[in-house]
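Here's the structure, in structure tokens; my notes come after.
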Amino acid sequence: MTPLNKAKIPFKPAMVMVKDYIKSKLSEQVKAVAFIIFYLVAFKIIVLNAPPADALQVSFGVGLVIFGLAFFLEGLFLGLMPLGERVGIQLPKKTNIAVIMGFGLLLGLGATLAEPAIASLRLAGANVTPWEAPLLYRLLEIDTNSLLLAIGGGVGVAVAFGMARFYFGIGIKPFIYTLVPLLVGFTAWFSRDPNLSKILNLAWDTGGVTTGPVTVPLVLAMGIGISHSEGKQETGASGFGVVALASLFPVIGVLALGAFLNQSTPMPCQSGEFFAKENRVNALTLVKNENELMKVAFQRGNEAARKAYFYNSDNYDEALVKLTDEKYVTQMLGDMSLSEWLTRKASSEERAKLALLMAGKTGKPIKSNLIIDQVLKNESILAFRAVVPLVLLLVAVLVFMLKDKPKKIDEVVLGIAFTLIGMTILTSGIRLGLAPLGDQVGRPLPQVFRSETHEEGRIILEPFDEKCVTSAFNQNGVLEKYFTVKDGNGKLQHVKFEPERFDRVAQRYEHIVERPPLFGPELTLVGIGLVFLFAFGMGYGSTIAEPALSALGTTVEEISVGTIKRKSVVNTVSLGVGIGLLVGVARILYNIPMIWFLAPSYLALLVLTWFNDESFAGIAWDSGGVTTGPITVPLVLSMGLGIGGELNVVDGFGIVAMASVFPILTMLVFGISVKIKQKRLLIASMEGENEN
């Protein structure tokens, strides 16, 4: 048989086709990203009255996210998805269920490590301290690989059980009624331990992080192949439910790892006690070496922690002197810039000392230590480690076990290259753009409902001329002295003159930069309401544009033969995410233990699941996973951690978990309402027939 000749397209039309193709793919990602980015930036500018810091870097990072996501998803479509589908179709025909489950275990592990949202967990430990939450710090900073393996292993077990479900046609309800009470029970038990209680929020958040654009398509491709090969594609068990399992089993994996490591982890203590000389052996079980311990004291500790680390005041003062020399800043502060440290971590006394030491040096701008080319290099290595093993697994099974080979090998190779490039660019964009933007919105968010002035930093004015000080009566008729300064936006502000801050000999004045309450002390409740409205709007608006959710809604409409509309599904799930983010933010603001939200929520889910049909129960439980994509997770995580850091909450995890559980709840309620409506229509129809 003579092969078909390939069509030859002239160079210019070919370039036009490529241009239109790239434009269409980029426009899809711009639409997916645009709302949540504009929403956050608008809130920061209009409500928080401050433009994004490092706007150029954040904009560059967001641009990387758009390009990276386009490349990444196209790579999945061309490379990984065809491999997964082919393995899914061939494997059940040539092997038994034990081999299928073993492969599902490896597939789930590999797919999880390739998820872009996993990169967010690598950035999530920045505000966790080893003295307040030793076990949580250990998971995020020391045993990170073990944490990723526990999460990936959990997803792998979920995929293995999911394949068994497809193979034997088992419903999702038995798994739900077994796993959920078990997890809630473990959560209640862990909440009684001072160390284990600190990892609960992280554990439940991992369930949302794992169900992203890599895991879900590959698992569904495998499931469809197995269902078709076994002739069970028409059963309610096929198609839905695996995403739900992939959200629950990782929680078990993290809790099990935490319980194992807790035996060899120090208990929480005060910062001064942790850095004390006599506790150095215990401290170095959590931190690699003395230099890293010093970094932790500066980056995460307070003044008492730093003084305890240096044993005596002379060593401590010598360390502060070193901070005035740029070559020591990275050594002591890591990626944190000196200006950021002065604003967020330094005490008033430390700021005053450094201001005196840096007199005459302050004209030189202090730059961030985050280097873009270094970020791209690091992320490219991590992308290679994540994607290549998964590809090798699929190819090895296809070629050596199934004696088959991929069709259109050139497309598959191109797709894998796109996946690598896309993941590198995407995760770099998360680190440079999305994570800083979420943190910038999260940290000042408590300012919205604060009823008191909050100190933001200090500036040394030198030389200060007393002639610029003027007198004026305040509203109580008392004569006070003021002078005028320019704020960061170039606007003039009248500042009260405090004589005790003025050094007449050195002609130096220490000006305290204060952040006043946005709404005044009498409108705190309005501020709290605005915070909750912001959280709900962010959740609802970002979810309604999720492509995965739109695909879920379309599938449900097709399965229900049009009786359940796509728009209804999208709105119901988006409503759940909005409520979930609102509840998650409230939990952090008021530092409420996670168990008080999880136990009632999952108890309600169990009851509602009982009253739903098997097929719709699977749809509802899967809806909690499709809402947490590669854009939403990094922003929500960094925002929650930023709020927690500003309020000195030990950790800001738990928002993703809440954004995953409430969509399930709203969908189950929606399913019951649809069922009742259909029953009423059926009764009305039967009564009409009887009358005739």
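Since every read-out is calculated from the coordinates, none of them should be taken as a lab result. None of these values were measured; they are calculated from a predicted model. Please note: Cβ atoms are built from the backbone with ideal geometry, for glycine as well, and neighbour counts cover all protein chains shown.
Here are the numbers for this structure:
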quantity: Efficiency of FRET from Cβ geometry, THR554 and ALA684, R₀ 45 Å, rounded to 0.05; calculated: 0.95
quantity: Burial order of peptide ranges 68-80, 631-643, 138-150 (average beta-carbon count within 10 Å, highest first); calculated: 631-643, 68-80, 138-150
quantity: Segment GLN507-ALA599, extension gain: residue separation times 0.36 nm, minus the distance between their alpha carbons; calculated: 27.0 nm
quantity: Above-threshold pairs, the threshold being 29 Å between Cα atoms, out of LYS23/LYS407; LYS23/LYS405; LYS44/LYS288; LYS31/LYS565; LYS295/LYS377; calculated: LYS23/LYS405; LYS44/LYS288
quantity: Fewest-first sequence of MET658, MET163, MET594 by Cβ atoms within 10 Å of each Cβ; calculated: MET594, MET163, MET658
quantity: Rounded if a/c under 1.5, otherwise prolate or oblate - segment 271-357, Cα gyration tensor axes; calculated: prolate
quantity: Burial ordering of THR215, THR343, fewest other beta-carbon atoms within 10 Å first; calculated: THR343, THR215
quantity: Residues THR144 and TYR311, FRET efficiency given R0 of 35 Å [Cβ-Cβ distance, rounded to 0.05]; calculated: 0.70
quantity: Extension gain from VAL399 to ALA259, taking 0.36 nm per residue of separation minus the Cα-Cα distance; calculated: 46.4 nm
quantity: Too-long pairs where the Cα-Cα distance tops 23 Å, listed order kept, from LYS322/LYS353; LYS173/LYS675; LYS345/LYS467; calculated: LYS345/LYS467
quantity: Ranking of SER471, SER337, SER574, SER59 by count of other Cβ atoms within 10 Å, fewest first; calculated: SER471, SER59, SER337, SER574
